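Visitor: What follows is a single structure, and I will ask about it in a moment.
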Amino acid sequence: MKHASKSGAGVVVAALSGLALAMSSTTAHAATGPDVIAHRGSSGMAPENTAAAIDLAAGQRADYVEIDVQRTKDGKLVNFHDCTMERTTDIEDIYPDRPSYRVSDFTWAELRHLDAGSWFHPRYAGEPLLTLDNVIHHIDHTRTGLLAEISPCGQYGTTVATDLADHLKNKPRYLRKALARHQLAVQSFQTDDARTFHTRLPDVPIGILDAERPTDTELEQLAPWADQINPQHTVTDQALVDRVHELGMDINVWTVDEPGAIRAMTGLGVDGVITDYPQALTQRQQGTGKPAL
């Protein structure tokens, strides 16, 4: 994962030759392996985007937790992936007559008592939704950083990107510490969202998510301002990894859960692996044998 935004020290890095970047990246990863990024927390073992999943990921020594930022009707930034809430909460039981179950249709007071854990397993019954501040509180005093995804849900436009940047600006202690420790980055599937965030808060590394293989033209257009290219692992090969590094960016691949895919991506020299099972990589890097999937 990019450890300095291109607005600062990253400019120096981007000025290095592509060959030097590729060599240094390969050497570093041979020694330490890629960053371990827990997808919605340790979501293979606990209900996604809950305190249980985030705390478990931190306990498993994930380098980052990846979360999803949306906004409630009354402006609260919350950690939730889907555009509607039926899949992972009891919202239909609590509010049976609502015409829509989008996060943006409810106030935080309405959402804070939902059960976001029972769908996963009865022992997680009562796990609540989390605000962005709740997430930060859970990881603030750990070694685990934050990779925040700006929700691509269509009702927001670019406003969540703006709100996220402004919210982080209003947490200067956390922001300074997280940047100094390389424990914060933001990503988005929407280039407009990423640009909006980057314009407002350029010191935070910004990544572009992609389910398809980015073209070389796209990579060249992104390289002057983006810090990360984060593609689906199934479209990632050595040529893409090398080209992203040559252009001065990092590459984090998603969502990598199978042992064979983990080995393949690690072998390519990617900078980060986004996974539902962070222990599969952290245990391997600690020399404890095969991934515990």
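The values are calculated or read from the model by the stated rules, or taken from the named source; none is laboratory data. All values derive from a computational prediction rather than experimental measurement. As a convention, Cβ positions derive from the backbone with ideal geometry for all residues, glycine included, and neighbour counts pool all protein chains shown.
Visitor: Determine the pairs where a residue that is without any contact (Cβ under 8 Å) to a residue 40 or more places away in the chain and closer than 12 Å to residue 278 by Cβ, located within the range 43-56, has a partner that is of a type in the set (Gly, Ala, Ser) and part of a loop (DSSP other than H, G, I, E, B) with Cβ atoms under 7 Å apart, the partner being 6 or more residues away or on another chain.
Guide: Within 7 Å, the pairs are 53/41; 53/42; 53/43; 53/46; 56/41; 56/42; 56/46.
Visitor: Looking at the range 48-69, which of its residues are under 17 Å from residue 113 (Cα atoms) and surrounded by fewer than 24 Cβ atoms within 10 Å (Cβ to Cβ)?
Guide: Scanning the range 48-69 gives 51, 52.
Visitor: In the range 108-123, is there at least one residue being of a type in the set (Asp, Glu), under 26 Å from residue 58 (Cα atoms) and not in a strand (DSSP E or B)?
Guide: yes
Visitor: Pairs needed: first member in the range 264-278, farther than 21 Å from residue 40 by Cβ; second member anywhere, modelled with pLDDT of 95 or more and among the acidic types (Asp, Glu); C-beta distance under 8 Å; at least 6 residues apart or different chains.
Guide: That search, which allows pairs on different chains as well, returns 268/237.
Visitor: Identify, please: which residue in the range 130-149 is in contact (Cβ under 8 Å) with a residue 60 or more places away in the chain and among the hydroxyl-bearing types (Ser, Thr, Tyr) and is, among those, farthest from residue 187 (Cα to Cα)?
Guide: Among residues in the range 130-149 that are in contact (Cβ under 8 Å) with a residue 60 or more places away in the chain and among the hydroxyl-bearing types (Ser, Thr, Tyr), the one farthest from residue 187 (Cα to Cα) is 142.
Visitor: All but one of (1) outside any loop (DSSP other than H, G, I, E, B); (2) touching a Lys or Arg at 6+ places or on another chain (Cβ under 6 Å); (3) not aliphatic (A, V, I, L, M) hold for residue 55; which doesn't?
Guide: (2)
Visitor: For the range 220-254, what are the residues that are in contact with a Lys or Arg (Cβ under 6 Å, 6 or more places away or on another chain) and either modelled with pLDDT under 95 or buried (at least 20 other Cβ atoms within 10 Å of the Cβ) (or both)?
Guide: Hits for the range 220-254 are 227, 228, 250.
Visitor: I'd like the full set of residues that are in contact with a Lys or Arg (Cβ under 9 Å, 6 or more places away or on another chain), under 12 Å from residue 151 (Cα atoms) and not in a strand (DSSP E or B), limited to the range 58-81.
Guide: 81
Visitor: Moving on. Can you pull out every residue in the range 206-260 that is small (Gly, Ala, Ser) and in contact (Cβ under 8 Å) with a residue 60 or more places away in the chain?
Guide: Let us first name the residues in the range 206-260 that are small (Gly, Ala, Ser), namely 207, 211, 223, 226, 239, 248, 260.
Result: 207, 223, 226, 248.
Visitor: Give the residue that is surrounded by the fewest Cβ atoms within 10 Å (Cβ to Cβ), with candidates limited to residues of the range 262-280 that are more than 17 Å from the chain's Cα centre (by Cα) and closer than 15 Å to residue 242 by Cα.
Guide: Applying the first criterion (more than 17 Å from the chain's Cα centre (by Cα)) to the range 262-280 yields 262-269, 280.
Going one step further and asking which of them are closer than 15 Å to residue 242 by Cα, we end up with 264-269.
On the way: 264: 16, 265: 24, 266: 19, 267: 11, 268: 20, 269: 20.
In this case the residue turns out to be 267.
Visitor: To continue, here is another question. Any idea which of (1) surrounded by 15 or more Cβ atoms within 10 Å (Cβ to Cβ); (2) over 17 Å from residue 167 (Cβ atoms); (3) in contact with a Phe, Trp or Tyr (Cβ under 9 Å, 6 or more places away or on another chain); (4) not hydrophobic (A, V, I, L, M, F, W, C) is the one residue 86 doesn't satisfy?
Guide: Looking at each condition in turn, residue 86 falls short on (1).
Visitor: Being under 29 Å from residue 183 (Cα atoms), touching a Leu at 6+ places or on another chain (Cβ under 9 Å) and not β-branched (Val, Ile, Thr) is the filter here; which residues of the range 105-136 pass it?
Guide: 108, 111, 112, 116, 128, 129, 132, 133
Visitor: Search the range 161-188 for residues being under 15 Å from the mean Cα position of the chain (by Cα) and touching a residue at least 40 places away in the same chain (Cβ under 8 Å), and hand back the single one that is farthest from residue 253 (Cα to Cα).
Guide: 164
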